[in-house]
């Protein structure tokens, strides 16, 4: 298949999306922390719909998201026990991806990020989840570890009804172009400006 | 007590806040829907900390938040059953506030909003919760139903360690001034621009 837009998808991507009930690609970007927080807030809606949720955290240290992880894993257990809501799978690059048996690639962040993306591609092809959070995914794209054209093409060609939320600063313009919904979290005022350190329950 | 800043609180509010481990007033404003979503995402962290959470929805029709409500109520039940996380209380103006036995005030939104705020004041004074979401609270403030000076003074003088997140467009400048953290959700691109209607799992 040639690079760029395949001929079967219109330039604006709208017709295909509308045909399949418009599963959305959402990008949360900008300088503020609300990007991931809002993505996990969206996941609450997905959970309520009973949609299978897959979270992929593209960060080496994921300590800042322990609250969201704990809560969404608890919701996943609620689903297992009562049938309410949807199942939740949580994958962390920071601890070595869950589907990899070898924890030996610690040193190679680029390879780890690419492996995460390859798994996302496999899951999108298999329609494993209905709602994906690719947390901090803009960075491996920005750093060239993951090919942005591959990302855009994969998102445009994904089958079925699979929503994908991507977070992180400095979203690649091609990613913004390919997204249906882009929200920029802008700082108006932040306590760290006044020397305040991050604190329990708010920052993580 | 005179209007405005009481003499016991410094103009920037910082010293008092730092003295009490800086419980934060957070405002999510701007034109995009991520405001509430990010607030409920923050609530996940609060839940994980075991903090009692109080949500007050200052909207007549709260249909757009059923996913968040359902998920957070489920987390509240997890707390009740296992002790994990914190308790969750969810109050809706749209159904008549839960602490009011008379559902007769349907027609008077201003009185309903003020009654909601008065309950928030009582709960802040009693330190009922550690994490408050005052969802869409900027509107009753904007429309003059709730006195902004009263809000600012109450927030500044609240006892203990109580985080308060306020969402909604057009946050009053005095509210922004009083807040520790202000995030503006800015639209970069929205599918409704292309005539797309709100959809299940994303918009509600």
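Modelled label-to-label distance, residue B:125 and residue A:114, 7 Å Cα→beta-carbon offset: nm?
About 6.4 nm separates the two model spin labels.
Fewest to most neighbouring Cβ within 10 Å: what's the order for A:130, B:36? Walk me through the numbers before you get to the answer.
On the way: A:130 19, B:36 24.
Result, fewest neighbours first: A:130, B:36.
Could you work out how much longer the chain between residue B:66 and residue B:188 gets when fully extended? Use 0.36 nm per residue separation minus the Cα distance between them, nm to one decimal. Please list the in-between numbers first.
On the way: separation 122, 0.36 × 122 = 43.92 nm, distance 2.55 nm.
The residue B:66-residue B:188 span can extend by a further 41.4 nm.
Per-residue mean of other chain beta-carbon atoms within 10 angstrom of the beta-carbon, peptide B:169-182?
On the way: counts 0, 0, 1, 0, 0, 0, 0, 2, 1, 0, 3, 7, 12, 6.
So the per-residue partner count for this stretch is 2.
Across the residues of B:65-72, average count of Cβ atoms on other protein chains within 10 Å?
Numbers: counts 3, 3, 10, 6, 2, 8, 14, 3.
Across the residues of B:65-72, the mean count of other-chain Cβ atoms within 10 Å is 6.
Quick one: pull the percentage of alpha-carbon pairs in region B:19-194 with a separation above 30 Å.
Working: 2118 of 15400 pairs.
That tail contains 14 percent of the Cα-Cα pairs.
Give me the log10 of I(q) over I(0) for region B:44-101 at q = 0.28, 0.29 Å⁻¹, as the Debye formula computes it from C-alpha points; what are the numbers?
Here the Debye-derived log intensity ratios amount to -1.09, -1.12.
For the ranges B:69-76, B:131-138, B:51-58, what's the packing order if you count other beta-carbon atoms within 10 Å of each residue, average per peptide, and put the highest first? Before the final figure, lay out each step's value.
Numbers: B:69-76: 21.6, B:131-138: 26.9, B:51-58: 24.6.
Final packing ranking: B:131-138, B:51-58, B:69-76.
Please compute, for peptide B:115-128, the average count of beta-carbon atoms on other protein chains lying within 10 Å of each residue's beta-carbon. Can you show the working numbers first?
Details: counts 0, 0, 0, 0, 0, 0, 0, 0, 0, 0, 0, 0, 0, 0.
Mean number of neighbouring Cβ atoms from other chains: 0.
The numbers here are math on the coordinates, done by the rules we state, and not lab data. Because the structure is a prediction, the values reported are computed rather than measured. So basically every Cβ, Gly included, is an ideal-geometry build from the backbone, and we count neighbours across all protein chains shown.
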